[in-house]
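Here is the structure we will look at, set down as structure tokens.
Read-outs: derived from the displayed coordinates by stated rules, not from any lab. All of these numbers come straight from a predicted model, not from anything done at the bench. Cβ atoms come from the backbone with ideal geometry, glycine included; neighbour counts cover every protein chain shown.
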Amino acid sequence: MKPARIDGPCRLSQSVLWRWQRRFYEEQGPAAFTSGVVPWRITSCLLLAAAYADAAIGFARDLPGPIQLLELGGGVGRLAFNLMRALEQRGVPFHYRFTDASRANLEAAAQHPQLRPWIAQGRLSLQQLDALEPTGLTLPPGPVVVVANYLFDSLPHDAWRTEQGIARAQHVEVWAAEPDAPLDRIEWKFVDGATAPPPSVVGYAAALGAGRFLWPTGSIGCVQAIAAQLRRPHLWLVADKGPAALAQLQGEDTASLARHGCVSASVNFDALRAWAGWRPFLAPAVPQMRFGAYAMVQGLPAGSVSALRAAWSESAAHNFPLQAEVLLDQLASSEATVPQLLQALAFTHFDPDALLRVSALLRARLSAQTPAPQVAALVAALDETWINRFVLADAHDLAFEIATVLHRAGQLSHAAAYYRRSVELRGPHATTFFNLALCLLDLGNVAEARTALEGTLAEDAAHPRARALLAATG
Ligand SMILES: C[S@@+](CC[C@H](N)C(=O)[O-])C[C@H]1O[C@@H](n2cnc3c(N)ncnc32)[C@H](O)[C@@H]1O
């Protein structure tokens, strides 16, 4: 079928794309994150949680009281979990309000076995909240820290073009071959439009000079709407992808929308900084398009957040989550040694997702000749990583990965314990049972090894090695 225009031309922020995007998250719920469609790793990682905990504690020195966290668009709750643990480890009192527009996400968070204890203790509460039209938002006394990770890219944007400092609207048309085409089969294109730029865009376009850029209309509306609800000073902590310096936008076309099962904008943090004006605004020391965490303070003058500024320059400004991504990418194509791989894991604060990326490398480097101190460090690192897991119904079996690394390192009883955890948590699997049997045979535990071999055959009746070993040990 020939493609037909199904929406527009209209302002990008008015486009049907954002409504479809909302519907995507409502329909998908947690599956948006467990299916691999929506990236979440960097915005929910332990390193970012640590940086946010440091920033929140700094802010609570400037504005004393128990920290009141408010997370918007929290998704499946992984950052909430990591951030609450980071605050607890630092021994500071807090309350966490976890919110999302998607009811399915909230229901999943309410039932999550690792979040329920916090709810029972009264330190975590959940609320379905539209970040663009928040209502009924009341928080206990204390400094409020609003967290919005990887949300601003999902809120409506407008597109503008500027030549010689004059802003011209870029409207959007959406095209599809069938009226109900899935999001990955629709196309959009920008065309010149007649919308007059608001004063903030006029000033920004003049400073930019030339380029095509996105204006975070929805994010600004969200910041204003939350301020109207809270009516007291608060700190924003926001992490996302997007340009953060005028030089990254000048003469460039940054008005891009990505597809992650739905649309996702590149957040123009330089525009947000311009809009923030007098408000304290903190950014990574080196602006990066790929990822950055930003802070903005509402309702306090610049000179009044010195503890926040100090905490920021020691922690969040270094952009450790992006450094970790770069490091892990480099390791994948290097001849890294076991100590180097363990150092990388330690750099991520023993993040389970980092382990999943280096476990094959570890297995490849480990042998019977690996020195005992390295093996001891490996065991400690793997146990620490296990403690940091946030359980989701995704494709990864962390217990199995850890078991196979320990198995390769000759740590048989420890490996067997993780194989058993894998069966307990992820269900029976022929390979898990068979590997467990091999460990048990090497440990001289023939009776249990035979049970594991029978488990292998129950899952895969044609498993020739299990059959042969059962016959040999019978
Ligand atoms: C890209 S995901 C980010 C999830 C999580 N913060 C992270 O970093 O992985 C965007 C989340 O924002 C939610 N969302 C989208 N539009 C929203 C809105 N207007 N108000 C509140 N949440 C919204 C979605 O349901 C989804 O959980």
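Here are the numbers for the structure shown:
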item: The stretch 92-157: C-alpha gyration tensor shape, a/c 1.5 cut-off, then a/b vs b/c; result: oblate
item: Ordering of 372-379, 142-149 by burial proxy (mean other Cβ atoms within 10 Å per residue, highest first); result: 142-149, 372-379
item: Net lengthening on full extension, Lys2/Thr138 (0.36 nm per residue, minus Cα-Cα); result: 43.8 nm
item: Degrees between helix 464-473 axis and first principal axis of the chain (Cα, 0 to 90, nearest 10); result: 40 degrees
item: On Cα atoms only, tilt of 446-459 relative to the major axis of the chain in degrees; result: 50 degrees
item: For the chain, the longest site-free run once trypsin sites (Lys or Arg not before Pro) in DSSP loop states with at most 11 other Cβ atoms within 10 Å are removed; result: 1-230
item: Added length on full extension, which subtracts the Cα-Cα distance from 0.36 nm per residue, Thr431 to Ala447; result: 3.9 nm
item: Förster radius 22 Å - calculated FRET efficiency between Arg259 and Thr337 (Cβ-Cβ, nearest 0.05); result: 0.05
item: Cα-centred dipole magnitude for the stretch 139-212, charges only on beta-carbon of K, R (+1) and D, E (-1), debye, nearest 20; result: 340 debye
item: Label-point separation, Glu88 to Ala364 (7 Å along Cα→Cβ), nm; result: 3.7 nm
item: Protection-proxy order for peptides 391-399, 437-445, each taking the mean of Cβ atoms within 10 Å per residue, highest first; result: 437-445, 391-399
item: Asp460-Val37 pseudo-label distance in nm [points 7 Å out on the Cα-to-Cβ vector]; result: 3.1 nm
item: J(HN,Hα) series, the stretch 306-313, from Karplus relation 6.51 cos²θ - 1.76 cosθ + 1.60, nearest Hz, glycine and proline x; result: 5, 5, 4, 4, 5, 4, 5, 5
item: Dipole of the chain, positive end: most advanced residue of Pro280, Leu70, Ala403 [Cβ charges, Cα centre]; result: Pro280
item: Chain lengthening between Glu384 and Val286 when straightened (0.36 nm per residue, less Cα-Cα); result: 32.2 nm
item: For His157, His260, order by how many other beta-carbon atoms lie within 10 Å, fewest first; result: His260, His157
